[in-house]
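Trainee: Please find one structure pasted underneath; my questions will follow.
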Amino acid sequence: MASAEKGELQNVLQLETELSDGGIGDLTPEQSKRLKRKIDLHLMPIMALCFCFQLMDKLALSYVSILGIREELHLTGTDFSWANSMFYFGYLAASYPSAVLMVRLPVAKLIAGSLLLWGLIAMLTSLCQNATGLLINRFFLGVAESPLTAGLTIIVSMWYTRDEQPCRQSLWYIGGSVGTLVGNFIALGAGNIHSISPWKALYLILGGATVAASILIFFLLPDVPSTAWFLTKKERMHAIARVSDNLTGIKSTHFNGHQFWEALCDINMWLQFFTQLVLNIANGGLLAYLNIFLHGTGFSKQQVFLLRACDFPIILVVKLYVAWASSRYKNSRIIWTIVCLCISTLGIALMRQLPPHLKWGRWAGAVLMYVYTAPYGLLAALASGNFGGFTKKSVASALIFAAGCAGNIVGPQLFKGSESPEYPTGYLTTLICMAVTIVLCLIMMGYIRWENKRRDRAMIERHGSTCDSNNMMDGIMANLSDKTDKEQVNFRVAQRGIYHSGHGYRPESDNVSPPPNPVSMPE
(Lines give C-alpha, C1' and ligand atoms only; values in the text may rest on other atoms or scores of the structure.)
Protein backbone atom coordinates (compact mmCIF):
# COMPACT_ATOMS: atom_id res chain seq x y z
CA MET A 1 0.00 0.00 0.00
CA ALA A 2 1.39 3.41 -0.95
CA SER A 3 2.35 5.70 1.88
CA ALA A 4 -0.32 8.21 0.88
CA GLU A 5 -2.98 5.57 1.52
CA LYS A 6 -1.90 4.75 5.04
CA GLY A 7 -3.27 7.73 6.99
CA GLU A 8 -6.55 6.31 8.20
CA LEU A 9 -5.15 2.79 8.58
CA GLN A 10 -2.32 4.14 10.76
CA ASN A 11 -4.88 5.99 12.88
CA VAL A 12 -6.77 2.74 13.42
CA LEU A 13 -3.65 0.75 14.31
CA GLN A 14 -2.50 3.47 16.69
CA LEU A 15 -5.87 3.55 18.41
CA GLU A 16 -5.79 -0.24 18.84
CA THR A 17 -2.35 -0.17 20.46
CA GLU A 18 -3.28 2.73 22.77
CA LEU A 19 -6.30 0.96 24.27
CA SER A 20 -5.48 -0.22 27.76
CA ASP A 21 -7.00 -3.67 27.32
CA GLY A 22 -4.97 -4.32 24.16
CA GLY A 23 -8.02 -4.55 21.87
CA ILE A 24 -11.50 -3.23 21.20
CA GLY A 25 -13.53 -6.29 22.05
CA ASP A 26 -16.78 -7.32 20.38
CA LEU A 27 -19.33 -4.69 19.44
CA THR A 28 -22.70 -5.82 20.81
CA PRO A 29 -26.01 -4.73 19.21
CA GLU A 30 -26.77 -2.58 22.26
CA GLN A 31 -23.38 -0.84 22.08
CA SER A 32 -23.87 -0.26 18.36
CA LYS A 33 -27.24 1.39 18.91
CA ARG A 34 -25.91 3.64 21.68
CA LEU A 35 -22.96 4.63 19.52
CA LYS A 36 -25.24 5.30 16.55
CA ARG A 37 -27.41 7.62 18.65
CA LYS A 38 -24.32 9.50 19.83
CA ILE A 39 -23.07 9.88 16.27
CA ASP A 40 -26.50 11.06 15.14
CA LEU A 41 -26.65 13.64 17.92
CA HIS A 42 -23.32 15.19 16.94
CA LEU A 43 -23.26 14.79 13.15
CA MET A 44 -26.82 15.26 11.88
CA PRO A 45 -27.43 18.81 13.26
CA ILE A 46 -24.10 20.06 11.87
CA MET A 47 -24.67 18.47 8.46
CA ALA A 48 -28.23 19.79 8.35
CA LEU A 49 -26.88 23.25 9.18
CA CYS A 50 -24.48 23.03 6.23
CA PHE A 51 -27.28 22.18 3.82
CA CYS A 52 -29.56 24.79 5.40
CA PHE A 53 -27.16 27.57 4.46
CA GLN A 54 -26.45 26.02 1.08
CA LEU A 55 -30.11 26.05 0.07
CA MET A 56 -30.76 29.53 1.49
CA ASP A 57 -27.90 30.97 -0.54
CA LYS A 58 -28.81 28.93 -3.62
CA LEU A 59 -32.46 30.09 -3.51
CA ALA A 60 -31.56 33.70 -2.75
CA LEU A 61 -31.89 34.62 -6.43
CA SER A 62 -35.42 33.22 -6.42
CA TYR A 63 -36.26 35.32 -3.35
CA VAL A 64 -34.88 38.54 -4.81
CA SER A 65 -36.57 37.93 -8.17
CA ILE A 66 -39.56 39.81 -6.75
CA LEU A 67 -37.54 42.19 -4.54
CA GLY A 68 -36.26 44.45 -7.30
CA ILE A 69 -33.06 42.83 -8.61
CA ARG A 70 -34.41 42.36 -12.12
CA GLU A 71 -35.39 46.01 -12.38
CA GLU A 72 -32.32 47.49 -10.65
CA LEU A 73 -29.78 45.46 -12.65
CA HIS A 74 -31.84 45.85 -15.86
CA LEU A 75 -32.19 42.10 -16.42
CA THR A 76 -34.02 41.66 -19.72
CA GLY A 77 -34.85 38.77 -22.00
CA THR A 78 -32.93 35.69 -20.91
CA ASP A 79 -30.65 37.50 -18.42
CA PHE A 80 -32.46 36.07 -15.40
CA SER A 81 -32.40 32.56 -16.88
CA TRP A 82 -28.66 32.81 -17.47
CA ALA A 83 -28.12 34.12 -13.96
CA ASN A 84 -29.70 30.93 -12.64
CA SER A 85 -27.81 28.71 -15.07
CA MET A 86 -24.43 30.37 -14.50
CA PHE A 87 -24.34 29.14 -10.90
CA TYR A 88 -24.27 25.57 -12.18
CA PHE A 89 -21.64 26.34 -14.81
CA GLY A 90 -19.37 27.16 -11.89
CA TYR A 91 -20.50 24.08 -10.01
CA LEU A 92 -19.86 21.90 -13.06
CA ALA A 93 -16.45 23.43 -13.78
CA ALA A 94 -15.35 22.72 -10.20
CA SER A 95 -16.81 19.20 -9.94
CA TYR A 96 -13.63 17.37 -11.00
CA PRO A 97 -11.27 19.51 -8.88
CA SER A 98 -13.67 18.96 -5.99
CA ALA A 99 -13.43 15.19 -6.44
CA VAL A 100 -9.62 15.40 -6.31
CA LEU A 101 -9.70 17.71 -3.28
CA MET A 102 -12.05 15.34 -1.43
CA VAL A 103 -9.46 12.61 -1.85
CA ARG A 104 -6.43 14.70 -0.90
CA LEU A 105 -7.82 17.00 1.82
CA PRO A 106 -9.82 16.45 5.03
CA VAL A 107 -13.44 16.39 3.84
CA ALA A 108 -14.90 18.30 6.80
CA LYS A 109 -12.32 21.09 6.53
CA LEU A 110 -13.00 21.32 2.80
CA ILE A 111 -16.71 21.74 3.56
CA ALA A 112 -16.03 24.48 6.12
CA GLY A 113 -13.77 26.29 3.66
CA SER A 114 -16.47 25.98 1.01
CA LEU A 115 -19.03 27.64 3.28
CA LEU A 116 -16.64 30.45 4.16
CA LEU A 117 -15.84 31.18 0.52
CA TRP A 118 -19.40 31.16 -0.76
CA GLY A 119 -20.59 33.26 2.19
CA LEU A 120 -18.10 35.96 1.20
CA ILE A 121 -19.09 35.72 -2.47
CA ALA A 122 -22.79 35.95 -1.53
CA MET A 123 -22.09 39.20 0.32
CA LEU A 124 -20.27 40.54 -2.76
CA THR A 125 -23.47 40.04 -4.79
CA SER A 126 -24.71 43.30 -3.30
CA LEU A 127 -21.98 45.13 -5.26
CA CYS A 128 -23.24 43.94 -8.66
CA GLN A 129 -24.25 46.81 -10.95
CA ASN A 130 -25.46 44.99 -14.07
CA ALA A 131 -26.21 41.60 -15.59
CA THR A 132 -22.55 40.90 -16.41
CA GLY A 133 -21.47 41.40 -12.81
CA LEU A 134 -24.27 39.15 -11.59
CA LEU A 135 -23.29 36.39 -14.03
CA ILE A 136 -19.65 36.47 -12.89
CA ASN A 137 -20.72 36.44 -9.25
CA ARG A 138 -23.06 33.50 -9.78
CA PHE A 139 -20.32 31.50 -11.54
CA PHE A 140 -17.92 31.80 -8.62
CA LEU A 141 -20.70 31.12 -6.14
CA GLY A 142 -21.21 27.78 -7.91
CA VAL A 143 -17.46 27.07 -7.78
CA ALA A 144 -17.41 27.69 -4.04
CA GLU A 145 -20.40 25.47 -3.35
CA SER A 146 -19.34 22.46 -5.46
CA PRO A 147 -17.65 20.39 -2.71
CA LEU A 148 -20.50 20.58 -0.19
CA THR A 149 -23.22 18.15 -1.22
CA ALA A 150 -20.83 15.45 -2.46
CA GLY A 151 -18.73 15.98 0.69
CA LEU A 152 -21.70 15.47 3.01
CA THR A 153 -22.60 12.32 1.09
CA ILE A 154 -19.06 11.00 1.58
CA ILE A 155 -19.22 11.73 5.33
CA VAL A 156 -22.43 9.72 5.67
CA SER A 157 -20.83 6.77 3.88
CA MET A 158 -17.87 6.86 6.32
CA TRP A 159 -20.04 6.86 9.46
CA TYR A 160 -23.13 4.76 8.70
CA THR A 161 -23.96 1.31 7.42
CA ARG A 162 -25.62 1.07 4.04
CA ASP A 163 -28.94 0.21 5.70
CA GLU A 164 -28.68 3.40 7.77
CA GLN A 165 -27.54 5.72 4.98
CA PRO A 166 -30.89 6.47 3.25
CA CYS A 167 -32.43 7.76 6.47
CA ARG A 168 -29.34 9.83 7.38
CA GLN A 169 -29.02 11.29 3.90
CA SER A 170 -32.67 12.33 4.14
CA LEU A 171 -32.17 13.78 7.63
CA TRP A 172 -29.46 16.22 6.61
CA TYR A 173 -31.44 17.05 3.49
CA ILE A 174 -34.17 18.25 5.86
CA GLY A 175 -31.83 21.12 6.60
CA GLY A 176 -32.81 22.36 3.15
CA SER A 177 -36.46 22.58 4.24
CA VAL A 178 -35.40 24.54 7.31
CA GLY A 179 -33.34 26.79 5.04
CA THR A 180 -36.37 27.38 2.81
CA LEU A 181 -38.49 28.34 5.82
CA VAL A 182 -35.87 30.68 7.31
CA GLY A 183 -34.97 32.12 3.92
CA ASN A 184 -38.56 33.09 3.16
CA PHE A 185 -38.93 34.85 6.50
CA ILE A 186 -35.62 36.68 5.97
CA ALA A 187 -36.83 37.71 2.50
CA LEU A 188 -40.11 38.88 4.04
CA GLY A 189 -38.18 41.04 6.49
CA ALA A 190 -35.73 42.28 3.86
CA GLY A 191 -38.67 43.52 1.82
CA ASN A 192 -39.35 46.09 4.56
CA ILE A 193 -35.79 47.51 4.53
CA HIS A 194 -35.57 50.90 2.84
CA SER A 195 -32.06 52.14 3.74
CA ILE A 196 -30.63 49.95 0.96
CA SER A 197 -32.23 47.86 -1.76
CA PRO A 198 -34.09 44.89 -0.23
CA TRP A 199 -32.27 42.39 -2.47
CA LYS A 200 -28.87 43.74 -1.37
CA ALA A 201 -29.89 43.50 2.28
CA LEU A 202 -30.92 39.88 1.76
CA TYR A 203 -27.56 38.89 0.29
CA LEU A 204 -25.63 40.68 3.03
CA ILE A 205 -27.65 38.95 5.76
CA LEU A 206 -27.41 35.47 4.22
CA GLY A 207 -23.73 35.80 3.31
CA GLY A 208 -22.72 37.08 6.75
CA ALA A 209 -24.63 34.28 8.48
CA THR A 210 -22.93 31.69 6.23
CA VAL A 211 -19.46 33.02 7.10
CA ALA A 212 -20.28 32.75 10.82
CA ALA A 213 -21.60 29.21 10.35
CA SER A 214 -18.42 28.12 8.52
CA ILE A 215 -16.33 28.88 11.62
CA LEU A 216 -18.60 26.75 13.78
CA ILE A 217 -18.54 23.88 11.28
CA PHE A 218 -14.73 24.01 11.02
CA PHE A 219 -14.41 23.06 14.69
CA LEU A 220 -17.42 20.76 15.12
CA LEU A 221 -17.52 18.56 12.00
CA PRO A 222 -14.95 15.69 12.23
CA ASP A 223 -13.01 14.59 9.18
CA VAL A 224 -12.97 10.82 9.85
CA PRO A 225 -14.20 8.53 12.66
CA SER A 226 -10.68 7.85 13.94
CA THR A 227 -10.20 11.50 14.93
CA ALA A 228 -13.74 12.41 16.06
CA TRP A 229 -13.56 14.80 19.03
CA PHE A 230 -16.82 13.62 20.58
CA LEU A 231 -15.86 9.91 20.77
CA THR A 232 -13.54 8.10 23.14
CA LYS A 233 -10.69 6.07 21.63
CA LYS A 234 -12.64 2.86 22.02
CA GLU A 235 -15.77 4.41 20.51
CA ARG A 236 -13.73 5.56 17.52
CA MET A 237 -12.66 1.99 16.86
CA HIS A 238 -16.24 0.81 17.28
CA ALA A 239 -17.45 3.53 14.90
CA ILE A 240 -15.09 2.18 12.24
CA ALA A 241 -16.07 -1.40 13.05
CA ARG A 242 -19.76 -0.58 12.61
CA VAL A 243 -19.24 0.27 8.94
CA SER A 244 -16.55 -2.31 8.17
CA ASP A 245 -19.10 -4.49 6.39
CA ASN A 246 -19.95 -1.69 3.96
CA LEU A 247 -16.78 -2.60 2.05
CA THR A 248 -16.80 0.92 0.59
CA GLY A 249 -13.76 2.23 2.51
CA ILE A 250 -13.30 5.07 4.95
CA LYS A 251 -10.70 7.49 3.52
CA SER A 252 -7.69 7.30 1.26
CA THR A 253 -5.49 10.22 0.21
CA HIS A 254 -4.25 8.47 -2.94
CA PHE A 255 -6.05 9.17 -6.21
CA ASN A 256 -6.42 5.75 -7.83
CA GLY A 257 -6.49 5.84 -11.65
CA HIS A 258 -7.94 2.32 -11.92
CA GLN A 259 -10.85 3.27 -9.69
CA PHE A 260 -11.39 6.42 -11.76
CA TRP A 261 -11.83 4.40 -14.96
CA GLU A 262 -13.97 1.80 -13.20
CA ALA A 263 -16.33 4.56 -12.12
CA LEU A 264 -16.62 5.73 -15.75
CA CYS A 265 -17.46 2.18 -16.92
CA ASP A 266 -20.07 1.44 -14.22
CA ILE A 267 -23.61 1.08 -15.66
CA ASN A 268 -25.17 1.85 -12.29
CA MET A 269 -23.25 5.12 -12.12
CA TRP A 270 -24.53 6.18 -15.55
CA LEU A 271 -28.13 5.32 -14.67
CA GLN A 272 -27.84 7.56 -11.63
CA PHE A 273 -26.09 10.17 -13.78
CA PHE A 274 -28.96 10.41 -16.28
CA THR A 275 -31.58 10.27 -13.52
CA GLN A 276 -30.01 13.30 -11.88
CA LEU A 277 -29.60 15.04 -15.24
CA VAL A 278 -33.25 14.77 -16.27
CA LEU A 279 -34.67 15.38 -12.80
CA ASN A 280 -32.63 18.55 -12.39
CA ILE A 281 -33.70 19.92 -15.76
CA ALA A 282 -37.10 20.10 -14.10
CA ASN A 283 -35.62 21.33 -10.82
CA GLY A 284 -33.69 24.19 -12.42
CA GLY A 285 -36.80 25.89 -13.73
CA LEU A 286 -39.28 24.98 -11.02
CA LEU A 287 -37.36 26.54 -8.12
CA ALA A 288 -36.05 29.57 -10.00
CA TYR A 289 -39.40 30.75 -11.33
CA LEU A 290 -41.85 29.62 -8.65
CA ASN A 291 -41.99 32.98 -6.87
CA ILE A 292 -42.53 34.82 -10.15
CA PHE A 293 -45.29 32.34 -11.04
CA LEU A 294 -47.10 32.75 -7.72
CA HIS A 295 -46.73 36.55 -7.79
CA GLY A 296 -48.13 36.62 -11.32
CA THR A 297 -51.03 34.42 -10.24
CA GLY A 298 -52.30 37.20 -7.99
CA PHE A 299 -50.51 36.90 -4.66
CA SER A 300 -48.66 39.89 -3.22
CA LYS A 301 -44.92 39.71 -2.50
CA GLN A 302 -45.57 39.28 1.22
CA GLN A 303 -48.13 36.55 0.53
CA VAL A 304 -45.70 34.69 -1.73
CA PHE A 305 -43.05 34.50 1.01
CA LEU A 306 -45.60 33.48 3.64
CA LEU A 307 -47.12 30.82 1.39
CA ARG A 308 -43.67 29.45 0.58
CA ALA A 309 -42.99 29.29 4.33
CA CYS A 310 -46.25 27.36 4.75
CA ASP A 311 -44.79 24.65 2.50
CA PHE A 312 -42.36 23.79 5.29
CA PRO A 313 -44.53 21.62 7.60
CA ILE A 314 -46.03 19.73 4.67
CA ILE A 315 -42.73 18.97 2.97
CA LEU A 316 -41.07 18.22 6.33
CA VAL A 317 -43.65 15.55 7.13
CA VAL A 318 -43.22 14.02 3.67
CA LYS A 319 -39.41 13.99 3.95
CA LEU A 320 -39.49 12.45 7.42
CA TYR A 321 -41.95 9.77 6.33
CA VAL A 322 -39.95 8.92 3.20
CA ALA A 323 -36.76 8.72 5.28
CA TRP A 324 -38.43 6.42 7.81
CA ALA A 325 -40.21 4.25 5.24
CA SER A 326 -37.11 3.74 3.12
CA SER A 327 -35.30 2.32 6.15
CA ARG A 328 -38.32 0.43 7.48
CA TYR A 329 -39.07 -1.40 4.22
CA LYS A 330 -36.22 -3.26 2.55
CA ASN A 331 -35.04 -2.14 -0.89
CA SER A 332 -37.77 0.49 -1.20
CA ARG A 333 -35.92 3.75 -1.76
CA ILE A 334 -36.42 3.78 -5.54
CA ILE A 335 -40.09 2.92 -5.06
CA TRP A 336 -40.55 5.89 -2.71
CA THR A 337 -38.70 8.08 -5.19
CA ILE A 338 -41.17 7.09 -7.90
CA VAL A 339 -44.14 7.78 -5.60
CA CYS A 340 -42.84 11.30 -4.86
CA LEU A 341 -42.23 11.97 -8.55
CA CYS A 342 -45.80 10.96 -9.38
CA ILE A 343 -47.15 13.38 -6.76
CA SER A 344 -44.99 16.18 -8.16
CA THR A 345 -46.18 15.42 -11.68
CA LEU A 346 -49.77 15.94 -10.51
CA GLY A 347 -48.79 19.23 -8.86
CA ILE A 348 -47.08 20.58 -12.00
CA ALA A 349 -50.12 19.63 -14.07
CA LEU A 350 -52.36 21.64 -11.69
CA MET A 351 -50.05 24.65 -11.89
CA ARG A 352 -50.04 24.57 -15.67
CA GLN A 353 -53.63 23.67 -16.45
CA LEU A 354 -55.68 25.55 -13.84
CA PRO A 355 -56.87 29.02 -14.95
CA PRO A 356 -55.29 32.06 -13.22
CA HIS A 357 -58.39 32.92 -11.17
CA LEU A 358 -58.05 29.60 -9.29
CA LYS A 359 -54.94 30.88 -7.55
CA TRP A 360 -55.36 28.72 -4.44
CA GLY A 361 -55.57 25.62 -6.62
CA ARG A 362 -52.37 26.70 -8.30
CA TRP A 363 -50.72 27.18 -4.92
CA ALA A 364 -51.87 23.67 -3.90
CA GLY A 365 -50.26 22.40 -7.09
CA ALA A 366 -47.04 24.23 -6.14
CA VAL A 367 -47.03 22.45 -2.76
CA LEU A 368 -47.50 19.05 -4.42
CA MET A 369 -44.85 19.95 -6.99
CA TYR A 370 -42.26 20.43 -4.24
CA VAL A 371 -42.65 16.80 -3.07
CA TYR A 372 -40.07 15.70 -5.67
CA THR A 373 -37.39 17.11 -3.36
CA ALA A 374 -38.25 14.59 -0.60
CA PRO A 375 -36.29 11.62 -2.04
CA TYR A 376 -33.14 13.61 -2.87
CA GLY A 377 -31.49 12.07 0.20
CA LEU A 378 -32.43 8.60 -1.04
CA LEU A 379 -30.82 9.29 -4.42
CA ALA A 380 -27.72 10.57 -2.63
CA ALA A 381 -27.63 7.34 -0.60
CA LEU A 382 -27.59 5.34 -3.84
CA ALA A 383 -24.42 7.21 -4.80
CA SER A 384 -22.71 6.84 -1.42
CA GLY A 385 -23.70 3.24 -0.64
CA ASN A 386 -23.32 1.46 -3.96
CA PHE A 387 -19.72 2.31 -4.85
CA GLY A 388 -16.67 0.89 -3.09
CA GLY A 389 -13.21 2.43 -3.09
CA PHE A 390 -12.72 6.02 -1.97
CA THR A 391 -11.57 7.34 -5.35
CA LYS A 392 -14.38 5.57 -7.21
CA LYS A 393 -16.95 6.75 -4.70
CA SER A 394 -15.64 10.34 -4.86
CA VAL A 395 -15.54 10.37 -8.66
CA ALA A 396 -18.99 8.77 -8.99
CA SER A 397 -20.48 11.22 -6.49
CA ALA A 398 -18.88 14.19 -8.26
CA LEU A 399 -20.06 13.04 -11.71
CA ILE A 400 -23.60 12.38 -10.49
CA PHE A 401 -23.78 15.79 -8.90
CA ALA A 402 -22.23 17.26 -12.06
CA ALA A 403 -25.15 15.76 -13.97
CA GLY A 404 -27.43 17.60 -11.58
CA CYS A 405 -25.53 20.79 -12.45
CA ALA A 406 -25.97 20.21 -16.16
CA GLY A 407 -29.70 19.72 -15.65
CA ASN A 408 -29.94 22.90 -13.63
CA ILE A 409 -28.13 24.77 -16.41
CA VAL A 410 -30.64 23.63 -19.01
CA GLY A 411 -33.77 23.99 -16.86
CA PRO A 412 -33.98 27.80 -16.56
CA GLN A 413 -33.45 28.21 -20.32
CA LEU A 414 -36.77 26.46 -20.95
CA PHE A 415 -38.69 29.23 -19.17
CA LYS A 416 -39.04 32.03 -21.72
CA GLY A 417 -39.28 35.61 -20.51
CA SER A 418 -41.94 36.31 -23.14
CA GLU A 419 -44.22 33.73 -21.46
CA SER A 420 -43.96 35.25 -17.96
CA PRO A 421 -45.59 34.59 -15.54
CA GLU A 422 -47.46 31.55 -16.92
CA TYR A 423 -44.48 29.81 -18.58
CA PRO A 424 -46.57 27.10 -20.36
CA THR A 425 -43.57 25.78 -22.33
CA GLY A 426 -41.40 25.55 -19.24
CA TYR A 427 -43.98 23.66 -17.20
CA LEU A 428 -44.77 21.31 -20.08
CA THR A 429 -41.08 20.46 -20.30
CA THR A 430 -40.90 19.75 -16.57
CA LEU A 431 -43.86 17.39 -16.90
CA ILE A 432 -41.99 15.47 -19.60
CA CYS A 433 -38.83 15.40 -17.47
CA MET A 434 -40.71 13.97 -14.50
CA ALA A 435 -42.12 11.19 -16.69
CA VAL A 436 -38.66 10.36 -18.10
CA THR A 437 -37.19 10.30 -14.58
CA ILE A 438 -39.84 7.81 -13.47
CA VAL A 439 -38.90 5.53 -16.40
CA LEU A 440 -35.19 5.81 -15.55
CA CYS A 441 -35.92 4.89 -11.92
CA LEU A 442 -37.78 1.78 -13.08
CA ILE A 443 -34.82 0.79 -15.30
CA MET A 444 -32.41 1.38 -12.42
CA MET A 445 -34.48 -0.78 -10.09
CA GLY A 446 -34.53 -3.61 -12.64
CA TYR A 447 -30.78 -3.37 -13.25
CA ILE A 448 -29.95 -3.42 -9.54
CA ARG A 449 -32.06 -6.53 -8.99
CA TRP A 450 -30.38 -8.25 -11.94
CA GLU A 451 -26.92 -7.28 -10.69
CA ASN A 452 -27.71 -8.52 -7.18
CA LYS A 453 -28.77 -11.92 -8.51
CA ARG A 454 -25.64 -12.12 -10.64
CA ARG A 455 -23.44 -11.46 -7.61
CA ASP A 456 -25.37 -14.00 -5.58
CA ARG A 457 -24.64 -16.66 -8.19
CA ALA A 458 -20.97 -15.62 -8.35
CA MET A 459 -20.65 -15.87 -4.56
CA ILE A 460 -22.17 -19.35 -4.50
CA GLU A 461 -19.90 -20.54 -7.33
CA ARG A 462 -16.79 -19.08 -5.73
CA HIS A 463 -17.32 -19.39 -1.98
CA GLY A 464 -20.45 -21.39 -1.35
CA SER A 465 -22.42 -20.15 1.66
CA THR A 466 -19.72 -20.43 4.36
CA CYS A 467 -18.55 -17.61 6.62
CA ASP A 468 -15.12 -18.34 8.02
CA SER A 469 -14.48 -15.40 10.33
CA ASN A 470 -16.28 -13.04 12.65
CA ASN A 471 -13.17 -11.14 13.78
CA MET A 472 -13.89 -7.44 14.08
CA MET A 473 -10.39 -6.32 13.11
CA ASP A 474 -10.56 -8.47 9.97
CA GLY A 475 -13.70 -6.59 8.97
CA ILE A 476 -12.08 -3.23 9.69
CA MET A 477 -9.00 -4.08 7.62
CA ALA A 478 -11.18 -5.28 4.74
CA ASN A 479 -13.09 -2.01 4.79
CA LEU A 480 -9.83 -0.01 4.86
CA SER A 481 -8.40 -1.94 1.92
CA ASP A 482 -9.78 0.72 -0.47
CA LYS A 483 -11.07 -1.85 -2.96
CA THR A 484 -13.99 -1.10 -5.23
CA ASP A 485 -17.34 -2.88 -5.14
CA LYS A 486 -16.48 -4.75 -8.34
CA GLU A 487 -13.15 -5.95 -6.89
CA GLN A 488 -14.97 -7.56 -3.95
CA VAL A 489 -17.11 -10.54 -4.84
CA ASN A 490 -18.53 -10.46 -1.31
CA PHE A 491 -19.87 -6.91 -1.56
CA ARG A 492 -23.27 -7.50 0.07
CA VAL A 493 -25.98 -5.77 2.07
CA ALA A 494 -28.78 -7.84 3.61
CA GLN A 495 -32.18 -7.04 5.12
CA ARG A 496 -31.09 -6.28 8.69
CA GLY A 497 -27.32 -6.80 8.69
CA ILE A 498 -24.35 -7.51 6.49
CA TYR A 499 -23.24 -10.78 4.99
CA HIS A 500 -19.96 -11.39 3.26
CA SER A 501 -17.70 -14.39 3.12
CA GLY A 502 -14.82 -14.09 5.56
CA HIS A 503 -16.47 -11.78 8.07
CA GLY A 504 -19.79 -13.35 8.79
CA TYR A 505 -23.28 -12.00 9.23
CA ARG A 506 -23.83 -9.39 11.91
CA PRO A 507 -27.52 -8.77 12.52
CA GLU A 508 -28.72 -5.80 14.56
CA SER A 509 -30.54 -8.17 16.84
CA ASP A 510 -29.49 -11.55 18.19
CA ASN A 511 -32.92 -12.85 17.20
CA VAL A 512 -32.44 -12.16 13.51
CA SER A 513 -31.21 -14.99 11.32
CA PRO A 514 -29.11 -14.58 8.19
CA PRO A 515 -31.28 -14.23 5.08
CA PRO A 516 -30.96 -16.96 2.48
CA ASN A 517 -30.40 -14.54 -0.42
CA PRO A 518 -28.18 -11.57 0.46
CA VAL A 519 -28.17 -8.76 -2.08
CA SER A 520 -25.50 -6.25 -2.94
CA MET A 521 -26.75 -2.84 -3.98
CA PRO A 522 -29.68 -1.41 -2.02
CA GLU A 523 -32.61 -0.02 -3.94
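A quick yes/no check of all residues on (1) part of a helix (DSSP H, G or I); (2) under 16 Å from Val182 (Cβ atoms); (3) not small (Gly, Ala, Ser):
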| position | (1), (2), (3) |
| --- | --- |
| Ala309 | yes, yes, no |
| Leu316 | yes, yes, yes |
| Ala323 | yes, no, no |
| Ser326 | yes, no, no |
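Trainee: I want to confirm something. Restricting to the range 57-94 and keeping residues that are in contact with a Cys (Cβ under 7 Å, 6 or more places away or on another chain) and part of a helix (DSSP H, G or I), which single residue is most open to solvent (accessible area, probe 1.4 Å)?
Mentor: For the range 57-94, the residue satisfying everything is Leu92.
Trainee: When you look at Gly113, is it assigned to a helix (DSSP H, G or I) and open to solvent by less than 10 Å² (accessible area, probe 1.4 Å), yes or no?
Mentor: no
Trainee: Could you identify the single residue in Val156, Val211 that is surrounded by fewer than 21 Cβ atoms within 10 Å (Cβ to Cβ) and out of contact with any strand residue (DSSP E or B) (no Cβ under 6 Å at 6 or more places or on another chain)?
Mentor: Residue meeting the stated conditions: Val211.
Trainee: Looking only at the range 250-269, filter to residues that are more than 19 Å from the chain's Cα centre (by Cα) and open to solvent by less than 10 Å² (accessible area, probe 1.4 Å); which one of those is modelled with the highest pLDDT?
Mentor: Asp266
Trainee: While we're on this one: Which numbered condition trips up Gly22, out of (1) open to solvent by 40 Å² or more (accessible area, probe 1.4 Å); (2) at pLDDT 85 or above; (3) closer than 26 Å to Lys233 by Cα?
Mentor: Just one mismatch for Gly22, condition (2).
Trainee: Scan Arg162, Arg168 and give me the residue that is modelled with pLDDT under 90, open to solvent by less than 10 Å² (accessible area, probe 1.4 Å) and charged (D, E, K, R).
Mentor: Checking each option against the conditions leaves just Arg162.
Trainee: Out of all the residues in the range 33-53, which are farther than 22 Å from Pro147 by Cα, open to solvent by 20 Å² or more (accessible area, probe 1.4 Å) and of a type in the set (A, V, I, L, M, F, W, C)?
Mentor: Leu41
Trainee: Among the numbered conditions (1) surrounded by fewer than 23 Cβ atoms within 10 Å (Cβ to Cβ); (2) within 15 Å of the chain's Cα centre (by Cα); (3) closer than 20 Å to Gly90 by Cα; (4) not small (Gly, Ala, Ser), tell me where Pro147 comes up short.
Mentor: In the conditions (1) surrounded by fewer than 23 Cβ atoms within 10 Å (Cβ to Cβ); (2) within 15 Å of the chain's Cα centre (by Cα); (3) closer than 20 Å to Gly90 by Cα; (4) not small (Gly, Ala, Ser), Pro147 misses (1) alone.
Each row is one residue, and each column tells you yes or no for (1) open to solvent by 10 Å² or more (accessible area, probe 1.4 Å); (2) in contact (Cβ under 8 Å) with a residue 40 or more places away in the chain; (3) under 30 Å from Ser81 (Cα atoms).
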{"position": "Lys393", "(1), (2), (3)": "no, yes, no"}
{"position": "Ile400", "(1), (2), (3)": "no, yes, yes"}
{"position": "Cys405", "(1), (2), (3)": "no, yes, yes"}
{"position": "Gly417", "(1), (2), (3)": "yes, yes, yes"}
{"position": "Pro421", "(1), (2), (3)": "yes, yes, yes"}
{"position": "Gly426", "(1), (2), (3)": "no, yes, yes"}
{"position": "Ala435", "(1), (2), (3)": "yes, yes, yes"}
{"position": "Glu461", "(1), (2), (3)": "yes, no, no"}
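Trainee: Examine the range 114-136 for a residue that is among the aliphatic types (A, V, I, L, M), touching a Ser or Thr at 6+ places or on another chain (Cβ under 6 Å) and under 19 Å from Ile46 (Cβ atoms), and state whether such a residue exists.
Mentor: yes
Trainee: Here is a further query. Is it the case that Val107 is over 23 Å from Ile205 (Cα atoms), among the β-branched types (Val, Ile, Thr), surrounded by fewer than 18 Cβ atoms within 10 Å (Cβ to Cβ) and in contact (Cβ under 8 Å) with a residue 60 or more places away in the chain?
Mentor: For Val107, the condition - over 23 Å from Ile205 (Cα atoms), among the β-branched types (Val, Ile, Thr), surrounded by fewer than 18 Cβ atoms within 10 Å (Cβ to Cβ) and in contact (Cβ under 8 Å) with a residue 60 or more places away in the chain - is not met.
Trainee: Hey, another quick one. Out of the range 280-335, which residues are under 20 Å from Tyr423 (Cβ atoms), within 18 Å of the chain's Cα centre (by Cα) and at pLDDT below 90?
Mentor: Residues satisfying the conditions are Gly284, Leu287.
Trainee: Further, regarding this structure: Scan the range 174-196 residue by residue and report those that are open to solvent by 20 Å² or more (accessible area, probe 1.4 Å) and either charged (D, E, K, R) or within 15 Å of Ser62 (Cα to Cα) (or both).
Mentor: Those that are open to solvent by 20 Å² or more (accessible area, probe 1.4 Å) and either charged (D, E, K, R) or within 15 Å of Ser62 (Cα to Cα) (or both): Leu181, Val182, Phe185, Ile186, Leu188, Gly191.
Trainee: Exactly one condition in (1) at pLDDT below 85; (2) within 28 Å of Leu41 (Cα to Cα); (3) surrounded by fewer than 22 Cβ atoms within 10 Å (Cβ to Cβ) is false for Phe230; which is it?
Mentor: Condition (1) is where Phe230 drops out.
The values are calculated or read from the model by the stated rules, or taken from the named source; none is laboratory data. None of these values were measured; they are calculated from a predicted model. No Cβ is skipped: glycine too gets one built from the backbone with ideal geometry, and neighbour counts run over all protein chains shown. These accessible areas exclude ligands, DNA and RNA; they are computed on the full protein's heavy atoms, side chains included. Shrake-Rupley method; radii C 1.70, N 1.55, O 1.52, S 1.80 Å.
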